[in-house]
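Peer 1: Pasting a structure below so you can have a look.
Please treat every number below as a calculation from the coordinates, not as lab data. Everything numeric in this text was worked out from a predicted model, so none of it was measured. When we count neighbours, we look across all protein chains shown, and the Cβ atoms used for this are built from the backbone with ideal geometry, even at glycine.
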Amino acid sequence: MIDKTKYGWWRSAVFYQIYPKSFQDSDGDGVGDIPGIISRLDYLEGLGVDGVWLSPVFASPQADNGYDISDYRGIWPLYGTMEDMDRLISEAKKRGISVIMDLVLNHTSDEHPWFREALKGRENPFHDYYVWRDGSPDCPPNDMRACFGGSAWEYVPALGQYYFHQFAVKQPDLNWDNPRVRRELYDMIRFWVARGVEGFRLDVIDSVAKEPDRKITARGPRLHEYIRELSREAFCEPGLVTVGEAWSADVEEAKRWSAPDGSELSMVFQFEHVCLDQRGEKWDTLPLDLVELKRCFERWQKGLHGRGWNSLFLDNHDLPRIVSRWGDDGKYRVESAKCLAAMLHGMEGTPYIFQGEEIGMTNAPLELDGYEDVETVNMIAERRAAGYAEADILASARARSRDNARTPMQWDDSPNAGFTSGTPWLAVNGNYREINVRAALADPDSVYHFYRRLIALRKSLPVFREGTFTLLAPEDREIFAYRRDTEREHLLVLCNLSGNARSFPIPPDFEGAERLLGNYPEGGPVLRPWETRMLRAGEAT
Ligand code: GLC
């Protein structure tokens, strides 16, 4: 087991993201909850993960499924109580699993008592907790747009002012330039550390130092000053892991976020690779150019080696399911899910598995009136108003909606996939009879068992953590091949990301090497459709 008192333990760790609303319901109300998560801890222990990142469980009106917090020190009643949360933390710890909470520090809910006070008048001490500008009803301060559609400014007639919101209208941005706001947030973080939480994922943390008058949201001039202060004041315990969600980070920026001296955060969670298959807006999909993807990973792998630390992920609660996106969720679902997993887990960084990814869950074929996600619902309304064809809107939603990742976890083939005995808050994907945890556990060749072996390998072989990265055949449009090397140990990862059989020359120093893992029976020189192989050469460690 990893010694989690040591700074940097998370470099050997694998994390698992839980979206609580969709993980496991224990009381039949159709919504996942904390007792449900506790009942599945043995499953997570069996998978071998070292920590769980819980998407927000705080009190919230759920305008954005908990990313709109109305009380940072309370639990949303449908998820359970503070006692349940304490029990989750201690039960997880018994199994070697750290609980990582999701801190939304850029904004609150408009139902947070701070915002309610702020609305009472310009003289109210909480007014300056948020970002306000004077204006008249039809003339917002500028034309900035919110990420979930519409203007980023919302008018409050009683005050004659607009408040700024980068996300939904119900998510007013906090004013980080106010030192009282920052102090309140640090106190709240200490409260959770004292309860035994071992780390935090920091939601859109690159947006906190906004300067809306200059139309700056991400990477504001004071950003790193604020992050260093946050780290000093709230994250001083050496074992705490901190993960910064930063859509705007490039490699240079990420070196600052994750500097090995610990002055900012443990690691960055950046999205360059998952933005390669879109044209401008996320709803307009482009085919993935594998050569570009490889270049992107290579830049990050080389750039951060020894100088920073990255998260490795293909799936999360904001992204469509990777097997449907870059794999083949039809004929080669199992092979392609494993191939993509090996491609990712062989690299340097801390892997994150999003619930259901480990059994190869796919996108959900919802109808337009079945979507719950605020971003998708707003997109549907905007595109209808702009005259888009219904079929095109549906195609965008099915390919890109966040609800693809949010359908309930598929535990078994009983009604509602064993997620709930009631009516699920979001429809269960109809393929649960075939794709579910029970079936995956019983089949030694399942995607689940492949993930379990990948996790075990990362923990036993230092080359996964320390090896240099060399991309092979960079211009190959179907095969992603790379090697990782330390002085003593060498790893070769071959991934045929296509449905075609392809030959690929094995580097001479891997002739006769130990086969660590593969998704087909051992074979000759030809890589079969979606085949992956991991080979290891060098001294035993
Ligand atoms: C992050 C979260 C996303 C949320 C947004 C606003 O990107 O991952 O789910 O909607 O921030 O908090």
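Peer 1: What is the projected area of the convex hull of the Cα atoms of the stretch 1-105, averaged over all directions, in nm²?
Peer 2: Mean projected area for the stretch 1-105: 6.9 nm², to one decimal.
Peer 1: Classify the stretch 307-458 as rounded, prolate or oblate from the Cα gyration tensor: take a ≥ b ≥ c as the square roots of its eigenvalues, call it rounded if a/c is under 1.5, otherwise prolate when a/b beats b/c and oblate if not.
Peer 2: Verdict is oblate for the stretch 307-458.
Peer 1: Does anyone have the angle between helix 82-94 and the longest principal axis of the chain? Alpha-carbon axes, 0 to 90°, nearest 10?
Peer 2: Result, in degrees: 20.
Peer 1: I'd like the trypsin sites (Lys or Arg not before Pro) in the stretch 74-136 restricted to DSSP loop residues with at most 16 other Cβ atoms within 10 Å, sorted by number.
Peer 2: For trypsin sites (Lys or Arg not before Pro) across the stretch 74-136 that sit outside H, G, I, E and B with at most 16 neighbouring Cβ atoms in 10 Å, the list reads ARG95, LYS120, ARG122.
Peer 1: Magnitude of the Cβ-charge dipole of the chain, K/R +1 and D/E -1, about the Cα centre, nearest 20 debye?
Peer 2: 1040 debye
Peer 1: Here's something else I'd like to know. Hey, can you grab everything whose amide H is under 5 Å from the amide H of ILE435? Only 5+ residues off in sequence or another chain; H modelled, so Pro and N-termini drop out.
Peer 2: For ILE435, no residues qualify.
Peer 1: I would also like to ask the following. Let me check I've understood the local charge: for ARG453, count other residues with C-beta under 14 angstrom from its C-beta, Lys and Arg +1, Asp and Glu -1. What total comes out?
Peer 2: Neighbour charge sum, excluding ARG453 itself: +3.
Peer 1: If you don't mind, there's one more thing I want to ask. How much of the calculated P(r) for the stretch 465-536 lies past 14 Å, in percent of all Cα pairs?
Peer 2: The proportion of pairs with Cα distances above 14 Å equals 58 percent.
Peer 1: Cα to Cα, under 16 Å, and not fewer than 8 places away if on the same chain: which lysines meet these conditions relative to LYS94?
Peer 2: Within reach: LYS4.
Peer 1: In debye, nearest 20, what is the charge dipole magnitude of the stretch 429-486 about its Cα centre with +1 on Lys and Arg Cβ and -1 on Asp and Glu Cβ, if you could check?
Peer 2: 360 debye
Peer 1: Starting from the amide H of ILE353, placed 1.01 Å from N in the peptide plane, find each other amide H under 5 Å away whose residue is 5 or more places distant or on another chain.
Peer 2: Sorted by chain and number, the residues that satisfy this are PHE15, TYR16, GLN17.
Peer 1: For the stretch 113-164, what D do you get in µm² per second when you plug the Kirkwood radius from alpha-carbon pairs into Stokes-Einstein at 37 °C and 0.692 mPa s?
Peer 2: 290 µm²/s
Peer 1: Once a ≥ b ≥ c are taken as the square roots of the eigenvalues of the Cα gyration tensor of the stretch 436-487, is the result rounded (a/c under 1.5), prolate (a/b larger than b/c) or oblate (a/b not larger than b/c)?
Peer 2: oblate
Peer 1: Within 11 Å, Cβ to Cβ, of GLU487, how many net charges do the neighbouring residues add up to if Lys/Arg are +1 and Asp/Glu are -1?
Peer 2: Residues near GLU487 contribute -3 overall.
Peer 1: Shape call for the stretch 184-247 from the C-alpha gyration tensor, a ≥ b ≥ c root eigenvalues: rounded (a/c under 1.5), prolate (a/b greater than b/c) or oblate?
Peer 2: Prolate shape, in that a/c is at least 1.5 and a/b is the bigger ratio.
Peer 1: For the stretch 197-298, just the Cα set please: Rg and Dmax, both in angstrom.
Peer 2: 15.4, 44
Peer 1: Now a separate question. Any chance you could check the Cα centroid distance between the stretch 79-104 and the stretch 130-164 for me, in angstrom?
Peer 2: Value for the Cα centre distance between the two parts: 38 Å.
Peer 1: Report the gain in length on full extension from ASP250 to LYS459: 0.36 nm times residue separation, minus Cα-Cα distance, nm rounded to one decimal.
Peer 2: Using 0.36 nm per residue and subtracting the Cα-Cα distance, I get 72.5 nm.
Peer 1: Using packing as a proxy for protection, rank 177-183, 18-24 so that the peptide with the highest average count of other Cβ atoms within 10 Å comes first.
Peer 2: 18-24, 177-183
Peer 1: Along the charge dipole of the chain, Cβ charges K/R +1 and D/E -1, which of PRO179, GLY199, GLN17 sits furthest on the positive end?
Peer 2: GLY199
Peer 1: Give the Debye-formula value of log10 I(q)/I(0) at each listed q (0.08, 0.10, 0.11, 0.13 Å⁻¹), with one equal scatterer per alpha carbon of the chain, two decimals each.
Peer 2: For the chain at q = 0.08, 0.10, 0.11, 0.13 Å⁻¹, log10 I(q)/I(0) is -0.51, -0.82, -1.00, -1.43.
Peer 1: Placing unit charges on C-beta atoms (Lys and Arg positive, Asp and Glu negative, everything else neutral), compute the dipole magnitude of the stretch 465-536 about its Cα centre in debye, rounded to 20.
Peer 2: 200 debye
Peer 1: Note the angle between two axes, namely the Cα long axis of helix 390-400 and the longest principal axis of the Cα atoms of the chain, as a number of degrees from 0 to 90, rounded to the nearest 10.
Peer 2: 70 degrees
Peer 1: From the backbone phi of the stretch 189-204, what are the Karplus-calculated ³J(HN,Hα) couplings (6.51 cos²θ - 1.76 cosθ + 1.60, θ = phi - 60°) in whole Hz, Gly and Pro given as x?
Peer 2: 5, 4, 4, 6, 4, 5, 7, x, 5, 9, x, 9, 9, 9, 5, 5
Peer 1: Measure nothing fancy, just the Cα-based angle from helix 290-304's long axis to the longest principal axis of the chain, in degrees from 0 to 90, nearest 10.
Peer 2: The answer is roughly 80 degrees.
Peer 1: Would you mind computing, in nm to one decimal, how far apart the modelled labels at ARG87 and SER263 are, each placed 7 Å from Cα along Cα→Cβ?
Peer 2: Here the modelled spin labels are 4.5 nm apart.
Peer 1: Work from the charge dipole of the stretch 113-164 (Cβ charges, +1 for Lys and Arg, -1 for Asp and Glu, about the Cα centre) and give the residue of TYR155, PRO140, PHE115 farthest towards its positive end.
Peer 2: PHE115
Peer 1: Net charge near LEU344: determine it from the other residues with C-beta under 12 Å of the C-beta of LEU344, scoring Lys and Arg +1 and Asp and Glu -1.
Peer 2: Once all neighbours under 12 Å are counted, the net charge is -1.
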